[in-house]
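Heads up: the structure comes next, in structure tokens.
The values are calculated or read from the model by the stated rules, or taken from the named source; none is laboratory data. As the structure is a prediction and not an experimental result, all values here were calculated from the model. Cβ placement follows ideal geometry from the backbone for every residue including glycine, while neighbour counts extend to all protein chains displayed.
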Amino acid sequence: MSAYEDMDRRFMAAGGLGSLLNLYEQVRRELERVSFDELDRMTFEIKNVIEALLKMDYELRKVHNLKLAFEARQPGPGGSG
């Protein structure tokens, strides 16, 4: 009995061993509501969004570099060209 009480004291910050076990059961029940297939689909969608954003970033960098190149070719005030 003293071992149980010692363990209960160690988990007192979380409300004691009983509270911790109830929390464990609650988390377990909630996780059962989400399938691995659903997680895989969401992961796939997120990867697709990241890929699209990276492609957009790449295209915007190309536009930025083109703009810099064209501005560098323009003569400054008082120049000929």
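Worth a mention:
- Some residue of region 13-28 being at pLDDT below 95 and at positive phi: yes
Results for (1) of a type outside the set (D, E); (2) not assigned by TED's automatic domain parsing to the domain that holds D8, shown as yes or no for each residue.
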residue: N22; (1), (2): yes, no
residue: Q26; (1), (2): yes, no
residue: D40; (1), (2): no, yes
residue: T43; (1), (2): yes, yes
residue: K47; (1), (2): yes, yes
residue: D57; (1), (2): no, yes
residue: V63; (1), (2): yes, yes
residue: K67; (1), (2): yes, yes
residue: F70; (1), (2): yes, yes
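- The single condition among (1) at pLDDT below 90; (2) surrounded by 10 or more Cβ atoms within 10 Å (Cβ to Cβ) that L54 does not meet is (1).
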